[in-house]
Structure formats: C-alpha cells, structure tokens
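Notes to accompany the following structure.
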Amino acid sequence: MRRFQFPVDVAHAKSVNETIAEVRRLRVSAIVTAVILAAAGVWLLWLAHTWSLVLGAVLLVAAAASLWVTVWAPRKVGTVEQLYADSPLVPAIIAEKKARGVTLLALVDIAKPDAGSRHYALVTRSVRALPGHELVEGELVPSVSVLADRTRNHAGKTWQMVSPMPIAWGTADTTVIERATEAITEAEWALLVANIGMSEKVRGTENQQLLVDPQDIPEDLR
C-alpha cells in the first residue's frame, strides 16, 4: 500500500477539508438531536403517566446515544494528520464540472490486506472546492483514499466505504501537490483518464464505486 508523507497544514485542512467538515456537521446534528430528545424525554417524565414514563426513558436513552456519536465520530475517523498518514495515495481526476463544485473520479484498490489480490474500482466524490487546482475537466488531483466498513463485523474482501480525499485539502504548498502527482505512476493516470467518461455511471451506483474489469488493468498494476 503506497503512502505519501507530507507536513499537514492543520489550519488549512480545518478550513477546506470537506471530510473534516462532514464529521463536524455530524457532531452538530447529533448534539441538536440529543437536546431535542432529552427535552421531550424530560417533559414525558414530568407528565408521570405510565406510558409517558416508559417513552420518556426511551427518549433519554436515545439522547445519550446521540451524545455518544459526538465522541465516537472523531475517534472513528481520526485526526486529519492520521488520515493522510494512514491512507493510500491514489490518482483522482476532475471528471465533471458542476454549478457548485466538481465530481472527482478516483482509481482505488479497494481490496483489504488479506484479500490475496487487488480489486481496482472507479470511485466518485462530489466536492465544492479544490484550492491549488484548476476546476477544469481532466485536472489531475492526487488524493488519499479513506477506507472503511459500515459495520465492524463485515467479513468481505473489499472495503465497503471508499472516499478520495485530495492532498490539496491538507496543504496549500503546490510543490507538495506536484510531488504527490509524480509519485503516482503513468499507468494509473492513463487508466483513469481513459475512464473519465464513466463518472456518471459510477455516481449512479449504490456506493459510488464500480469495479474495473481485471482485463483492463495494465500488467504492472496487477
């Protein structure tokens, strides 16, 4: 698994990294939900009817669960430095330009370490901003691939959730972005560029990922 080490600009990442912003929105949503559930639960307990006592207790438990999400989410995702350090470097390209942002198309090996073979997939992600890049179709966007499963006990050979995270969200230094671009092989870039027209089809899949036919994989990537 290829990794790309660079000094992460945390302040820059907090202002532009949409992965971190998603975690932040999740935490805010969980707090708001917890407050609403707790208020409703207290009110039902105050009514002191048998049915309201039971329902009130259930709502308070649900409120506590929502609060737990605010602690669990950042621990599950990790710090931005950990994400860049632990996630593999992958090629991504601007495949579609939209009114509000662009669609990235990435080439990712979604096989788990014990899979025994590689499983390349095309993966899409809609993003709003890419500092350090021109927002034009065909722009090369070196990224890392954040890999995870929806459940801890998933026993499949491939990761269920795959999300490309641009290097440009971790640093404003364009020389770092250039180094990351050069660290990715020409074969990977060529395969990705050849499949740029697949972006819409990939977006329409359940997990926004589509396996690449092994016969289309160059020999040096197998």
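The values are calculated or read from the model by the stated rules, or taken from the named source; none is laboratory data. The structure displayed is predicted, hence computed values, not measured ones. So basically every Cβ, Gly included, is an ideal-geometry build from the backbone, and we count neighbours across all protein chains shown. Side chains included, ligands, DNA and RNA excluded: accessible areas come from the protein's heavy atoms. Shrake-Rupley method; radii C 1.70, N 1.55, O 1.52, S 1.80 Å.
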ask   = Considering only protein heavy atoms, what per residue accessible area in square angstrom results for the chain with a 1.4 angstrom probe?
value = 55 Å²
message = Probe radius 1.4 Å, ligands and nucleic acids left out: which of 108, 42 has the largest accessible area, and how do the rest follow?
response = 42, 108
ask   = Can you give the accessible area of residue 67 in Å² (nearest 10), computed on protein heavy atoms with a 1.4 Å probe?
value = 90 Å²
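Using a 1.4 Å probe on the protein heavy atoms, what percent of the accessible area of the chain belongs to carbon and sulfur?
So the carbon and sulfur contribution to the accessible surface is 58 percent.
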query = What helices does the chain have that are whole DSSP H segments, at least 30 Å long along their own axis by Cα, and with mean Kyte-Doolittle hydropathy of -1.0 or more?
reply = 18-47, 50-77
key: Value of relative contact order over the chain, rounded to a whole percent, pairs C-alpha under 8 Å and six or more apart   = 22 percent
query = Across segment 100-114, in residue order, what do the Karplus-derived ³J(HN,Hα) couplings come to in whole Hz, using 6.51 cos²θ - 1.76 cosθ + 1.60 with θ = phi - 60° and x for Gly and Pro?
reply = 10, x, 9, 10, 8, 10, 10, 10, 10, 7, 8, 6, 6, x, 9
key: Cα centre as origin, Lys/Arg/Asp/Glu Cβ charges: segment 1-137 dipole, Debye   = 120 debye
request  = Report, ordered by chain and residue number, the lysines lying within cross-link reach of residue 98, taken as a straight Cα distance under 26 Å and ignoring same-chain residues fewer than 8 apart.
outcome  = 14, 201
note = Expected field for residue 119, accessible surface area in Å² at 1.4 Å probe radius, rounded to 10, holds 50 Å²
key: Solvent-accessible area of residue 55 with every protein chain in place, 1.4 Å probe, in Å² to the nearest 10   = 80 Å²
note = Shape call for the chain, from the Cα gyration tensor axes a ≥ b ≥ c (a/c under 1.5 means rounded, otherwise prolate when a/b beats b/c, else oblate), comes out prolate
request  = Excluding residues fewer than 8 places away in the same chain, name every one of the lysines whose C-alpha is closer than 17 Å to that of residue 157.
outcome  = 112
